[in-house]
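Report on the following structure.
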Amino acid sequence: MHYLLRILSLALVMSLTAQAFAKEITIRGRLQRTVEAGGWLIVADKQKYLILNARRFQSEKWFKESAEVEAVGEIKPDVMTTYMEGTPFDVKTMRALASEEATEQQKVTDGRSVTRVLVSGDSIVQVQPDTAIITLAVVTQAKRALDAQQENANKSDAVVRALKAAAGPGAEVKTSGYSVQPQRVYKENQPPTIVGYEARNSVTVTLSDLTKVGTIIDASAQAGANDITGISFTLRKDRPARDDALSQATREAVGKAQVIAQALGGRVSRIVEVQEEGTTIPRPIYEADAARYVMKSEAAQTPVEVGTLDITSRVQLIAEVEPG
């Protein structure tokens with residue numbers, strides 16, 4: 001009897017909680033995609049609300065990422081989703097706030113006729129990479145797993161010693177992977193047969209002296225590395241370049257707004273909003289052909305062309321244009 005009363009009390013509390021959440025609320029925030037399949041969020045301050053019926057509003061022109069909206073609806077605490085990113089929110093009405101309209105618009109502010117324009121700016125900054133990352137491996141095969149493992153250990157030790165000597169004290173040499181896998185032969189209508197084992201020890205070298213890349217490849221191949229996986233170049237100290245790209249993109253966006261203002265016979269009175277849409281730093285990767293390095297003569301040196309990295313940035317802003 002006591003247990004039954006506890007269950008009834010819990011049910012009553014859950015019912016009252018659901019009724020409390022059922023009250024309509026108004027939320028103002030920005031639209032944002034979510035990890036849910038086809039899911040959308042309204043981000044208001046630091047609170048996230050998962051829109052349960054987003055498809056109802058997706059045909060609207062203003063329904064897009066970063067748009068500022070006002071939504072009226074109910075919180076649904078009993079709804080469960082795959083990732084539960086945000087509080088489940090059933091929207092009854094939703095509208096875009098005027099400051100986030102993506103098209104040019106006319107309005108009157110303090111008795112002045114003002115046109116709002118949406119423009120974007122792009123930039124590309126080319127820089128020299130300051131870090132090289134080389135990944136290579138020692139691969140050995142034998143009929144017994146122990147033999148493949150022991151042979152690999154001996155060769156890997158020689159390769160690591162050669163790498164440290166060639167790279168110098170400022171480089172980082174570390175094991176990035178190790179495996180021992182059976183080698184199987186498959187025949188029709190028969191179970192696979194294990195005919196041997198393959199041991200693989202992968203090593204990654206990170207260094208700032210890019211002139212040593214070719215020397216490291218040669219030294220590792222001569223010491224026993226027989227799988228040069230690849231080389232990549234990156235920029236560790238990227239803040240100055242990122243700031244430069246962002247600054248150039250912003251200046252281009254402002255310049256576009258000024259050109260539009262002049263074409264309309266007016267001038268830019270103020271910048272209403274600026275959004276950074278992202279800065280990217282691609283990493284050019286040069287795949288290495290292990291056979292080419294292993295079979296080359298000791299007198300030849302592997303040439304490696306470093307090249308440059310393209311850092312791209314994009315900025316979007318809304319400017320107000322008033323008659324000149």
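Here are some notes:
- Scanning segment 248-271 for residues that are part of a helix (DSSP H, G or I), over 12 Å from Arg314 (Cα atoms) and in contact (Cβ under 8 Å) with a residue 24 or more places away in the chain returns Val254, Gly255, Lys256, Ala257, Ile260, Ala261.
- Failed item in (1) touching a strand residue (DSSP E or B) at 6+ places or on another chain (Cβ under 7 Å); (2) modelled with pLDDT of 50 or more; (3) not assigned by TED's automatic domain parsing to the domain that holds Gln258, with Thr302 passing the rest: (1)
- Of the residues Thr175, Thr206, the single one that is farther than 27 Å from Ala142 by Cβ and either modelled with pLDDT of 95 or more or of a type outside the set (Phe, Trp, Tyr) (or both) is Thr206.
- Test result for Gln183, closer than 29 Å to Ser123 by Cα and either in a strand (DSSP E or B) or without any contact (Cβ under 8 Å) to a residue 24 or more places away in the chain (or both): no
- Within segment 34-58, tally of residues that are loosely packed, with under 13 Cβ neighbours inside 10 Å and more than 17 Å from Lys92 (Cβ to Cβ): 6
- Which listed residue is of a type in the set (Ser, Thr, Tyr), in a strand (DSSP E or B), surrounded by 13 or more Cβ atoms within 10 Å (Cβ to Cβ) and touching an Asp or Glu at 6+ places or on another chain (Cβ under 6 Å), from Thr204, Thr229, Thr135, Thr140: Thr140
- Yes/no for Ser220 being among the hydroxyl-bearing types (Ser, Thr, Tyr), under 30 Å from Ala145 (Cβ atoms), part of a helix (DSSP H, G or I) and touching a residue at least 60 places away in the same chain (Cβ under 8 Å): yes
- Scanning segment 232-247 for residues that are in a helix (DSSP H, G or I) and not aliphatic (A, V, I, L, M) returns Arg239, Pro240, Arg242, Asp243, Asp244, Ser247.
- Flag for Val213 being over 18 Å from Thr302 (Cα atoms) and at pLDDT below 95: no
Yes/no per residue for (1) of a type in the set (S, T, N, Q); (2) at pLDDT 95 or above:
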| site | (1), (2) |
| --- | --- |
| Thr140 | yes, yes |
| Lys164 | no, no |
| Glu188 | no, no |
| Val195 | no, no |
| Glu198 | no, yes |
| Gln222 | yes, no |
| Asp227 | no, no |
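The values are calculated or read from the model by the stated rules, or taken from the named source; none is laboratory data. Values in this document were obtained by computation on a predicted structure and should not be read as measured data. Reconstructed Cβ throughout: ideal geometry from the backbone, glycine too, with neighbour counts over all protein chains shown.
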